[in-house]
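The values are calculated or read from the model by the stated rules, or taken from the named source; none is laboratory data. Keep in mind that what you see is a predicted model, and the values were worked out from it rather than measured. Please note: Cβ atoms are built from the backbone with ideal geometry, for glycine as well, and neighbour counts cover all protein chains shown. Keep in mind that these areas ignore ligands, DNA and RNA; they rest on the heavy atoms of the full protein, side chains included. Shrake-Rupley method; radii C 1.70, N 1.55, O 1.52, S 1.80 Å.
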Amino acid sequence: MDIEEISQVLYKEKNQTLKAIPSEFYQEAEKYVRELEGEIGKVSNSRSPESKMLHDEHERALSDLETIFMKRIGKVITRATNQSHANKPISKDIEKLLPAEKRLYDLVLQGIEAAKTELLDPILYPGSENIAVWPEIVERQVPAGFKG
């Protein structure tokens with residue numbers, strides 16, 4: 001993998017269509033980023049043009065990877081929201097999700113359905129005994145000294 005491959009994936013993710021990416025995309029990107037970091041460590045003069053180019057490529061790779069992640073996560077959440085309204089599967093897009101993205105999709109969809117049952121059902125279906133089934137939430141540990 002190199003910066004061009006990452007850029008191509010980013011370019012494809014710019015529109016609202018969910019694109020299939022290789023299942024090992026993030027693992028390969030991690031290897032590439034670690035290789036860049038190794039190359040940066042080997043450069044003796046941190047002010048050299050080579051060092052600057054490597055640092056720029058490293059920063060661009062990290063930025064592009066974060067953007068790809070956020071765009072794909074946004075699409076997953078949008079599809080889960082649409083799914084909760086349509087009550088029909090988005091099978092053509094489901095196969096394009098990485099396993100972690102599919103888990104997120106399922107959790108978001110379950111959360112939307114639980115909120116709908118808890119908040120709307122009493123209004124729409126008075127007397128209904130539907131019970132909201134929320135996905136299990138694991139408490140996150142807040143790092144020491146973090147003020148969020």
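Data for the structure
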read-out	value
Residue within segment 120-135 that is under 29 Å from residue 26 (Cα atoms) and either touching a residue at least 12 places away in the same chain (Cβ under 8 Å) or among the β-branched types (Val, Ile, Thr) (or both) present	yes
Boolean, residue 148 is on the phi > 0 side of the Ramachandran plot, open to solvent by 50 Å² or more (accessible area, probe 1.4 Å) and at pLDDT below 90	no
The lone exception for residue 132 - which of (1) of a type in the set (A, V, I, L, M); (2) modelled with pLDDT under 90; (3) open to solvent by 80 Å² or more (accessible area, probe 1.4 Å) it fails	(3)
Helices (runs of 4 or more DSSP H) lying entirely in segment 1-107 (those with 1 or more residues that are at pLDDT 95 or above and surrounded by fewer than 17 Cβ atoms within 10 Å (Cβ to Cβ))	3-13, 25-42, 49-86
Any chance residue 42 is over 25 Å from the mean Cα position of the chain (by Cα) and on the phi < 0 side of the Ramachandran plot	yes
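Condition check ((1) without any contact (Cβ under 8 Å) to a residue 24 or more places away in the chain; (2) within 19 Å of residue 16 (Cβ to Cβ)) across all residues:
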residue: 35; (1), (2): yes, no
residue: 39; (1), (2): yes, no
residue: 43; (1), (2): yes, no
residue: 49; (1), (2): yes, no
residue: 53; (1), (2): yes, no
residue: 60; (1), (2): no, no
residue: 64; (1), (2): no, yes
